[in-house]
Each structure stands twice: as C-alpha cells, then as structure tokens.
Amino acid sequence: MEKEKFYMTTAIAYTSGKPHIGNTYEIVLADSIARYKRYMGYDVFFQTGTDEHGQKIELKAEAAGISPQEYVDGVAAQVKGIWDLMDTSYDKFIRTTDKDHEAQVQKIFKYLYDKGDIYKGHYEGLYCTPCESFFTESQLVDGKCPDCGGEVQPAKEEAYFFRMSKYADRLIQHINEHPEFIQPVSRKNEMMNNFLLPGLQDLCVSRTSFTWGIPVSFDPKHVTYVWLDALTNYITGIGYDCDGNSSALFNKNWPADLHLVGKDIIRFHTIYWPIFLMALDLPLPKQVFGHPWLLQGDGKMSKSKGNVLYADELVELFGVDAVRYFVLHEMPFENDGVISWELMVERMNSDLANTLGNLVNRTISMSNKYFDGVVRNTGVSEEVDEDLKAVVTAAADKVTAKMDQLRVADAITEIFSLFKRCNKYIDETMPWALAKDESKKERLETVLYNLVESISIGASLLESFMPSTAKRIAAQLNTSLRSLDECKAFGLYPSGNKVVEKPEILFARLDINEVLEKVEAKKAAQGKALPKYEGVADLISIDDFGKVDLRVAQIKACEPIKKAKKLLKLQLDDGFDGGRQVVSGIAPWYKPEDLIGKKIVIVANLTPVKLCGVESQGMILAANCDENTVKVLFVDDSIPNGAKLK
Ligand code: MSP
C-alpha cells in the first residue's frame with residue numbers, strides 16, 4: 001500500500017545572527033514530529049531553511065565590512081551546523097538566496113501584478129529599521145517601535161501593495177469551516193478578533209529603501225518585501241513553478257500538512273500566506289501550529305540582557321539528546337516555557353540519569369551478574385507482571401494520541417511513565433532477593449526478561465525524541481528498535497539473547513554548583529581575554545569598526561576660509577562621481593599648495609556638518625604628534641581614489 005504523504009515545515013530562520021536555543025527549540029520540536037510521523041508510516045517531507053533578505057541583514061553585512069551574500073553564507077552555515085548538531089532529520093534546507101527560489105518569487109510577483117492583486121502606491125508612516133516595519137503614531141508604544149522598542153523615523157516610500165481585502169471574506173469562511181486550520185485554538189481567536197474581523201489593511205510587498213532583496217522584475221528599483229519572499233519558500237522549496245510546470249515533488253506534497261511556527265509569526269502564516277495562496281489558486285495548508293516561546297530564567301532572551309543560550313554551548317555541558325529532552329519536555333502546549341540551569345540539571349539527574357539511565361544500567365548489570373548476560377523468557381509469571389505488561393503495551397497508543405494533537409511534551413511524559421513503571425517493577429519484584437533463592441532462579445529470569453522487553457519498547461518509542469539514546473539502549477540490549485506495531489505486543493525480545501557485558505553510562509549525574517562554575521568560568525574567560533589599554537578608548541567590536549567607512553581620496557583643490565583662520569576647504573576626488581568637499585582644521589600646519597595632488601584618508605560616511613558656514617562632507621585623518629603639531633596621513637600614490645580601508 002502506498003504510504004500517505006506528510007509535508008511539514010518550520011519557519012525559516014533569519015540569517016541576522018546565530019540562532020539561539022529558542023529558534024533551535026522549533027527545529028527540534030519539528031524533528032520529533034517528523035520522526036514520529038515517519039514511525040507511524042507516513043511518507044514525510046520535512047523542510048526547513050533560512051530567510052536571508054532584508055535591510056537588517058544588509059546593514060549587518062555593511063557593519064561587518066563584507067557583502068550581504070558573504071554575510072548570509074556565514075550565518076546560514078551556522079544555522080545548518082546547529083540543526084545538524086541537534087540531529088534533526090530535515091529533507092530539504094532551503095535558502096531564500098537559492099537561485100530557483102529567487103526566480104519563482106519574481107514570477108509570482110509579476111503574476112499577481114498582472115492579475116491586479118498587486119498595485120503600486122505609496123507607503124507613509126514611521127519606520128523601524130531593525131523590524132523593517134512601518135507603524136502609525138497610534139501603534140507606537142511610548143513613541144517607540146511596538147515590537148523592538150527602538151527609535152522610529154518618519155518615512156515615505158513608493159511601494160507595491162497586495163490587495164488583502166479582496167480575499168478576506170474567503171479566508172474568514174475557511175477559518176470558520178476548518179477549526180483545525182489554526183492551532184492551538186486560542187491563536188485562532190486572536191487572529192479573528194484582532195486582525196480579520198476589524199478589516200484587513202493591504203500589505204506592502206516591496207521596498208525601495210534597501211537593495212538586499214529579490215528585485216521586482218519589471219521595476220527593479222523595488223525589491224520584494226521580505227514576507228512575500230519568505231513565505232513562498234514553502235512552495236518553491238518543493239518545486240512550485242508559477243508557469244504551471246511544477247515538479248512531481250510539489251504535486252505530491254502540496255498542500256502542506258503542517259506549518260510549525262512560533263506564536264509571534266502566526267499572523268503572517270494564517271492571514272497573509274493563505275491569501276497569497278488563494279491569489280495563486282493553490283490549496284491552503286491543512287494546519288498552522290503556533291508554538292509557544294522558550295524563555296530563559298528571567299524572561300525573553302536578549303543579547304543586551306546577556307541571557308542568550310545557544311544550543312552548541314548547552315550540548316557541550318549536557319549532550320545532544322539531553323538538550324533535546326529539556327526543550328521538548330519543558331515546553332507546554334500553549335503557554336511559554338522556561339528553562340534555567342537549575343531546571344536542566346534537575347532533569348538531567350532525576351529523569352535522564354535516574355529514571356532512564358539507572359534503569360538500563362541496573363537491568364544489564366543484573367542480567368550479567370546472575371545469568372552472564374543471557375536473557376531468557378522462562379514464562380514464570382506472577383500477577384505483578386500483568387500491570388507492567390499492560391502499561392508497556394498501552395504506551396504506543398498513548399504516545400500516538402498525544403502526537404496526533406502535537407502534544408509532544410505529553411508524549412514524552414507517557415514514555416517516561418513506562419520507564420518509571422519499570423523501576424517500580426524492580427522494587428516490587430526485588431531481583432536481588434530472588435537471586436538469593438535457588439528455587440526462584442527461573443522467576444528471576446522472567447523478571448529480567450520482562451524488564452529487557454519493556455525497556456526495548458520504551459527505547460523504540462523514544463527514538464523520535466532522543467534518537468541516539470534510543471539506539472544506544474538498543475545496542476546495549478543487543479536488539480534493534482521496533483516498529484510502532486511491534487511496541488504493542490509483549491515478548492518479541494528473542495529469548496536467549498545476550499546483552500552487553502558492561503553497560504555504558506547513558507547520562508552522568510551533574511552537580512548544579514559545578515555546572516554554574518563552568519558557565520561562569522566560560523563567561524569570565526571570554527571577558528578576561530579582552531585586554532585593556534591604558535589611555536586608549538574602550539574596546540569596540542569589528543562590527544563597530546565596520547560602521548566607519550574609510551576611503552582614500554586625492555586633494556584636487558584647496559583654499560583657506562576667510563572667516564576661520566584654522567580651517568582649509570578641500571575639494572577631493574573620492575573615487576565617486578562629483579567628488580566631495582571637506583573642511584579641515586589643518587591651516588596652522590599646511591599651506592594649500594603643499595596639499596594639492598596629495599592622497600589622504602577620509603572618513604567617508606560622516607553625517608555632513610557646516611563649519612563656519614561651509615559644508616564639510618567628511619573628515620580627513622591626521623595624527624596629533626604633540627600638543628602643537630598635527631600631521632596629515634598621506635598615503636601611497638598608487639592607491640586608487642575611493643579604495644576602502646579595512
Ligand atoms: N524569518 C522569519 C520566519 C519566516 S517564515 C516564512 C522569522 N525568523 S526568526 O529567526 O526570527 O525565528 C524563527 C522561528 O523561531 C520563528 O518561528 C520564531 O517564532 C521562533 N522563535 C524565536 N525565538 C523563540 C523563542 N525564544 N522560543 C521559541 N521559538 C522562538 O521569524
């Protein structure tokens with residue numbers, strides 16, 4: 001029988017910087033769902049990737065003194081590196097700078113324009129650069145951007161707009177008729193009441209204020225505004241073609257079965273995205289799930305608070321599967337979840353080292369101690385076995401029921417209930433007491449068999465969430481992981497099989513103080529590495545330095561300024577058309593004729609100022625030799641005008 005397809009996606013991460021543990025939570029959550037769906041027998045296609053255009057990225061690249069493409073190549077590699085470190089099983093990693101994606105976005109834009117759904121107009125409002133959003137006065141909070149709290153500037157831009165209102169009624173009807181479309185349901189109410197019912201504004205879908213984006217093919221001073229570019233990744237990544245030549249992969253997989261996104265971007269996915277799809281005459285995704293946010297200790301993670309956690313740093317301390325466990329297990333279904341060092345150490349010790357690790361360890365050790373590692377089902381059952389078997393064989397259906405609702409934390413809890421039940425079984429049967437009585441030898445064999453069998457089932461169910469731990473347990477028990485159906489039957493572990501001689505520790509117990517010391521030591525090492533130079537200004541980062549644009553320029557003309565004895569007015573060839581004029585306080589040391597023809601260094605991106613009524617469009621570099629002497633920095637004649645200093 002042909003398998004049923006299941007196409008699922010995560011949001012694509014911005015390549016503005018390294019993803020933190022909150023972004024990483026999403027891919028781990030998606031991965032556990034993708035793995036479980038495959039386990040249930042679906043033919044899963046799982047797509048993730050990076051969102052690489054926009055002004056913020058353009059500015060970051062400029063500050064770093066590299067091209068936007070170089071910048072996003074670096075961050076995309078970091079994102080992929082972390083996704084791979086976390087053992088995530090995506091089938092496709094799309095980048096919005098992929099050429100085929102860019103070509104499709106251009107076609108889609110044109111198609112929607114020709115259709116009349118996109119029109120040209122003007123955007124006017126208060127603009128927040130980091131958020132790339134316009135706001136009205138009333139939307140501001142204390143006069144600042146309502147999203148990031150930063151400064152906003154008045155701005156007006158020619159822009160293309162998408163006629164959202166044309167499709168709003170159809171979308172409202174769709175949402176009402178498909179209660180499963182927006183999950184959890186609380187997010188649906190928010191969308192309806194706050195956005196759809198009050199009336200949809202048309203959406204701005206192009207920008208002219210920056211260039212790092214996909215140009216509008218028929219009006220290239222415009223670039224596609226990032227959401228139309230970003231959202232379409234879900235169709236372009238699997239081979240959608242706006243001209244009607246979509247790939248077989250697309251035809252098989254669209255519509256998506258699940259878009260998994262954070263609660264902050266659910267609006268884009270449940271309003272704008274479905275409307276774009278309607279305009280393209282494509283069916284809508286079956287479900288958009290808005291997961292909650294992961295917070296760290298005292299609230300939202302932010303670089304300025306210094307509380308940003310990164311997956312790779314946590315993995316160094318705890319290991320991949322432990323980090324997967326923390327984020328999956330600690331995140332509630334709807335409300336935000338919190339992780340802290342204390343909580344992670346507590347989970348490590350009680351759930352992973354004790355409940356799971358110790359169970360596996362004890363079972364293997366006892367099998368070796370009493371039977372040289374051979375596990376036999378002697379069939380000497382007692383009543384107490386029945387409850388164990390019932391709990392263990394019911395687990396698969398319970399986990400599936402939770403996963404059907406995407407209640408991943410609850411699914412994991414079900415699996416750990418199975419392991420807890422096994423630990424209780426050890427207390428109930430007391431194998432060490434049975435071992436003392438030769439007549440109970442066969443009963444002891446059955447007890448150990450039941451434990452090995454139960455752990456095999458538990459490990460198989462655990463594989464979607466903690467893949468390498470599941471495999472390590474199976475290897476120690478010398479068995480393979482089971483299919484979902486095989487987890488519903490008891491007794492499939494081959495009687496007479498031999499477990500490994502020496503169990504390896506799955507999770508080592510940790511001491512919270514030692515962990516905190518390591519964290520502090522790392523922070524201090526990062527801090528200590530920074531030198532302090534007496535009399536020199538505070539340290540800046542390379543990003544800060546990158547903001548200063550230093551260029552070589554040649555002095556073409558120079559004259560004194562009558563009203564100001566100290567100033568000279570210089571005309572420069574800075575390598576750009578028209579050159580520029582700079583005013584400099586070097587008259588006490590230089591005569592104009594000494595300077596003409598010389599090459600110097602200028603700060604080329606200083607805001608222009610007027611000095612004694614004369615405009616200065618930059619600054620020339622000079623050295624203070626002593627209190628009374630200043631010398632201009634002359635550079636080699638062979639350096640071309642306009643060359644950038646790095
Ligand atoms: N690029 C957009 C998404 C475009 S999708 C067509 C974006 N990128 S992001 O890098 O800011 O966020 C990626 C995902 O991580 C989003 O789903 C976002 O909600 C999620 N998270 C960001 N911070 C998070 C937490 N602290 N906790 C959980 N998820 C978080 O938005």
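Quick note: the coordinates plus some simple rules give every number you see, no bench work behind them. Worth saying up front: this structure is predicted, and the values here are computed from it rather than measured. Cβ coordinates were reconstructed from backbone atoms using ideal geometry, including for glycine residues, and neighbour counts include every protein chain displayed.
Using only Cα atoms, find the angle between the long axis of helix 467-476 and the longest principal axis of the chain, and express it within 0 to 90 degrees, rounded to the nearest 10. Approximately 30 degrees, to the nearest 10. Stretching residue 576 away from residue 103 to a fully extended chain increases their span by 167.1 nm, per 0.36 nm per residue minus the current alpha-carbon distance. Using C-alpha pairs under 8 Å with a sequence gap of at least 6, the mean separation divided by the residue count of the range 341-498 gives a relative contact order of 31 percent. Tally Lys/Arg at +1 and Asp/Glu at -1 over every other residue whose Cβ is under 14 Å from the Cβ of residue 372; what's the total? Summing Lys and Arg as +1 and Asp and Glu as -1 gives +3. Only Lys, Arg, Asp and Glu carry charge here, each on its Cβ (+1 for the first two, -1 for the last two); on that basis the range 202-274 has a dipole of about 180 debye about its Cα centre.
Order by neighbour count: 385, 577, 51, fewest other Cβ atoms within 10 Å first, most last. Working shown, then result.
Values: 385 17, 577 5, 51 25.
Fewest-to-most ranking of 385, 577, 51: 577, 385, 51.
For the chain, the share of DSSP beta bridges that are antiparallel, to the nearest 5, is 70%.
Taking every Cα-Cα distance in the chain and sorting them into 10 Å bins from zero, the calculated P(r) comes out as 3, 13, 19, 19, 16, 13, 9, 5, 2, 1, 0, 0 percent. Filter 300/424; 99/522; 107/156; 56/523; 92/644 down to the pairs with a C-alpha to C-alpha distance above 30 Å, please. Listed pairs above 30 Å: 300/424; 99/522; 92/644. Three semi-axes describe the equivalent ellipsoid of the range 542-645; taken as square roots of 5 times the Cα gyration tensor eigenvalues and ordered largest first, they are 20, 15, 15 Å.
Computed from Cα atoms, the angle from the helix 408-429 axis to the main principal axis of the chain rounds to 30 degrees.
When the Cα positions of 242, 401, 361 are compared along the charge dipole of the chain, 242 comes out farthest toward the positive end, with charges on each C-beta of Lys, Arg, Asp and Glu. By the rule of a second cysteine Cβ within less than 4.7 angstrom, the chain holds isolated cysteines at 148, 204, 242, 422, 487, 558, 612, 625. Entry note, the range 542-645: relative contact order of 32 percent, from Cα contacts under 8 Å with a spacing of 6+ residues. Partner aspartates and glutamates whose Cα lies under 17 Å from the Cα of residue 115, excluding those fewer than 8 positions away in the same chain, are identified as 202, 219, 241, 243, 281.
Checked against a 31 Å cut-off, the cross-linked pairs 60/598; 5/488; 398/518 give Cα-Cα distances beyond that limit for 60/598; 398/518.
Were the residues from residue 516 through residue 110 laid out at 0.36 nm apart, the gain over their Cα-Cα distance would be 140.6 nm. Report, to the nearest 10°, how far helix 320-330 tilts away from the longest principal axis of the Cα atoms in the chain, using its own Cα long axis and a range of 0 to 90°. Taking the Cα atoms of the chain, the angle to 320-330 is about 90 degrees.
Footprinting exposure proxy ranking of 403, 348, fewest other C-beta atoms within 10 angstrom first, gives 403, 348.
Could you tell me the calculated FRET efficiency between residue 194 and residue 394, based on Cβ-Cβ distance and R0 = 51 angstrom, to the nearest 0.05?
On the way: r = 42 Å, r/R0 = 0.82.
So the FRET efficiency works out to roughly 0.75.
Three semi-axes describe the equivalent ellipsoid of the range 341-498; taken as square roots of 5 times the Cα gyration tensor eigenvalues and ordered largest first, they are 26, 17, 14 Å. Rounded to the nearest 20, the size of the Cβ-charge dipole of the range 341-498 about its Cα centre is 420 debye, with Lys and Arg at +1 and Asp and Glu at -1. With contacts taken as Cα pairs under 8 Å at a separation of at least 6 residues, the chain carries a relative contact order of 12 percent. Cα centroid separation, the range 175-201 to the range 369-432: 42 Å.
Net charge near residue 234: determine it from the other residues with C-beta under 13 Å of the C-beta of residue 234, scoring Lys and Arg +1 and Asp and Glu -1. Display every interim value, and only then the final one.
Numbers: positive: 92, 286; negative: 51, 229, 257.
Around residue 234, the charge tally is -1.
Shown is the FRET efficiency for residue 85 and residue 158, computed with R0 = 56 Å from the Cβ-Cβ distance and rounded to the nearest 0.05: 0.80. Remark: the chain carries a charge dipole of roughly 1180 debye about the Cα centre, counting +1 on each Lys and Arg Cβ and -1 on each Asp and Glu Cβ. The ranking of 380, 44 from fewest to most other beta carbons within 10 Å of each one's beta carbon is 380, 44.
Count charges around residue 79 for me, please; just the other residues with Cβ under 12 Å from its Cβ, Lys/Arg as +1, Asp/Glu as -1.
On the way: positive: 18, 80, 95; negative: 26, 51, 52, 73, 84, 312.
Local charge sum for residue 79: -3.
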